[in-house]
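A short write-up of the structure that comes next.
The values are calculated or read from the model by the stated rules, or taken from the named source; none is laboratory data. Nothing here was measured: the structure is a model prediction, and the numbers come from that model. Because the Cβ atoms are built from the backbone with ideal geometry, glycine has one as well, and the counts that use them run over all protein chains shown. With ligands, DNA and RNA removed, areas are computed over all heavy atoms of the protein, side chains included. Shrake-Rupley method; radii C 1.70, N 1.55, O 1.52, S 1.80 Å.
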Amino acid sequence: MASKVLMPSLNLNNVTFPGDNKTQSHSFGQVSFPNKTGVSSSRQSVITRSCAVAVKPAALMATSTAKPATSYTLSHLWREVHGSNNWDNLLEPLDPLLRKEIIRYGEFVAACYKAFNLDSSSKRYLNCKYGKKNMLKEVGMENSGYEVSKYIYATPDVNIPIQNGSTCGRWIGYVAVSSDEAVKRIGRRDLLITFRGTVTNHEWVANFMSSLTPARLDPHNPRPQVKVESGFLSLYTSEEADSKFGLESCRQQLLSEVSRLLNKYKGEELSITLAGHSMGSALALLLAYDIAEL
């Protein structure tokens, strides 16, 4: 019997967002990133702000390696717009560039919902409706200047007795990269990672698993005092265990793709931008912390 899913309400016009019996395995192994010329520290300049329900559409984070210029264009001021100075003098009144960026990344998050397949009779039920090459075009964002490089799946370690079968990975978001033309406009090569919010029953259950548990993402420095809600950590670190061909954890998928893209665009000015709604904001913050630690 198909599971009933609940969708959050989105209102982009106002740029607001309202609010198995097999145990899955967890992966807490460290994923190494390539050394990057000019980066003095693995924790350099990760600017994080979480999503406030019904206030901000996305959690936006960026890492940078260069000093800002002074011309009032996004290509020169993207670091300040992304919070390098804690949005000093950009909030009251809301700076036009910052407003445009909030809306722009909010649209990338909304694309997750537009592309998510809720047709229970479809073979792609609870996955993306479209292939990577056409996804942004199909949701009306063919002129966004980004190309999708990878789809991301998450597998919550949750058991719902009234539903048969084990949990499996569901499409949770995507990784996209700015095109050469967009680089000229936004001032850097942007690696964008976008997450949707809660939809499936297993995800709703994971959301209610609110007890704090140590993240322990770095086995060489466990930091037991760094804790996260167990449900979000499960979504981030659990992998399919019912088959040797099962999906890797959301974390492994993401860190592998980020590492690949950093190698591919080595030598360019880069940013890593994370955007998510609701549960997706929690995953974005976990990934930001993970990248900073690694």
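Assorted remarks:
- Identity of the residue in the stretch 189-203, among the hydrophobic types (A, V, I, L, M, F, W, C) and in a strand (DSSP E or B), that ends up surrounded by the most Cβ atoms within 10 Å (Cβ to Cβ): Phe195
- Flag for Arg104 being within 25 Å of Glu268 (Cα to Cα), touching a strand residue (DSSP E or B) at 6+ places or on another chain (Cβ under 9 Å), part of a helix (DSSP H, G or I) and open to solvent by 40 Å² or more (accessible area, probe 1.4 Å): no
- Flag for Arg251 being open to solvent by less than 20 Å² (accessible area, probe 1.4 Å), outside any strand (DSSP E or B) and of a type in the set (Lys, Arg): yes
- Ala206 vs. criteria at pLDDT 95 or above, assigned to a helix (DSSP H, G or I) and out of contact with any Lys or Arg (no Cβ under 7 Å at 6 or more places or on another chain): no
- Among (1) out of contact with any Gly (no Cβ under 9 Å at 6 or more places or on another chain); (2) under 19 Å from Ala115 (Cα atoms); (3) part of a loop (DSSP other than H, G, I, E, B), the one test that Trp171 misses: (3)
- Matching residues, the stretch 133-157, being open to solvent by 90 Å² or more (accessible area, probe 1.4 Å) and either of a type in the set (Asp, Glu) or within 13 Å of Tyr174 (Cα to Cα) (or both): Lys133, Glu138, Glu142, Glu147
- Within the stretch 221-242, the set of residues being farther than 12 Å from Ser210 by Cβ and surrounded by fewer than 20 Cβ atoms within 10 Å (Cβ to Cβ) comprises Asn221, Pro222, Arg223, Pro224, Gln225, Val226, Ala241, Asp242.
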